[in-house]
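What follows is a short report on a single structure.
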Amino acid sequence: MNNLLTRFEETGALLNGHFELRSGLHSNRFFQCALLLQYPRIAGEVCEALVEKIKQDLGELEIDTVIAPALGGISVGHEVGRALGVRFIFAEKDAGGALMMRRFKIEKGERFLVAEDVITRGGRVQETVDIVEQHGGIVQAIGVLVNRSGGKARFKAPLVSLLEMEPVAWEPSECPLCKEKLPLVHPGS
Ligand SMILES: [Zn+2]
């Protein structure tokens with residue numbers, strides 16, 4: 001989908017500034033995917049495009065269920081599940097902040113697609129993969145809207161992303177925007 005970036009800009013989902021990412025890294029760009037996904041029709045179109053790309057890249061996969069990490073992945077997982085015509089569930093945080101399976105059941109041998117909006121290091125996707133495997137499920141593939149990892153996020157299962165952005169992210173100690181004393185924004189807080 002060539003106009004995905006346009007969609008991001010139109011909906012205000014791609015911001016320029018000085019941001020602290022979920023991973024702790026600093027960046028000059030931030031994807032507020034929720035602002036793109038707040039329009040169900042756009043969310044549906046974008047996720048259909050992701051599903052088409054997954055089919056192009058990986059062929060027809062046997063998927064029983066889509067799973068996403070809450071909260072960020074929920075809209076994407078829901079729409080990807082709709083496009084595939086399968087069940088959708090999510091993993092959510094426990095009191096300590098670790099992802100867990102709280103309200104859904106995973107069957108032994110159940111085949112999963114893991115969906116997420118944006119990955120930088122892919123930590124939450126990996127946690128979700130671990131949860132599926134701990135419950136006896138099989139992860140067939142991972143589908144994300146935006147891959148900011150610069151090819152560094154790798155998983156046992158193949159990863160497909162709609163959009164790959166050059167990773168413009170720094171450790172806080174090396175951040176040029178900190179050196180310029182630009183105010184740091186914590187998106188989502
Ligand atoms: Zn900084």
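Read the figures in this text as sums done on the coordinates, not as results from a lab. Since we're looking at a predicted model, the values are computed, not measured. Glycine also receives a Cβ, built like all others from the backbone with ideal geometry; neighbour counts cover every protein chain displayed.
A few points about this structure:
- Cα gyration tensor, the stretch 1-71 - rounded (a/c under 1.5), prolate or oblate: prolate
- For the chain, modelled as a GNM whose springs connect Cα atoms under 10 angstrom apart, the maximal fluctuation among Leu61, Leu159, Leu50 occurs at Leu61.
- The stretch 40-165: C-alpha gyration tensor shape, a/c 1.5 cut-off, then a/b vs b/c: rounded
- Dipole magnitude of the chain about its Cα centre (Cβ charges: Lys, Arg +1; Asp, Glu -1), debye to nearest 20: 280
- Rounded Å value of the spacing that divides the Cα centres of the stretch 111-127 and the stretch 43-71: 12
- Considering only alpha-carbon pairs that sit under 8 angstrom and 6 or more positions apart, the relative contact order computed for the stretch 40-114 is 33 percent.
- GluC sites (Glu not before Pro) lying in DSSP loop within the stretch 96-163, provided at most 11 other Cβ fall within 10 Å: Glu107
- Mean separation of Cα contacts under 8 Å, 6 or more apart, over the residue count of the chain: relative contact order %: 23
- No Cys partner within the rule (Cβ under 4.7 Å), the chain: Cys33, Cys47
- Straight-distance crosslink candidates among lysines, where the alpha carbon sits under 27 Å from Lys105 and sequence neighbours closer than 8 are dropped: Lys55, Lys93, Lys156
- Sorted by Cβ density within 10 Å, fewest first, the residues Lys152, Lys93: Lys152, Lys93
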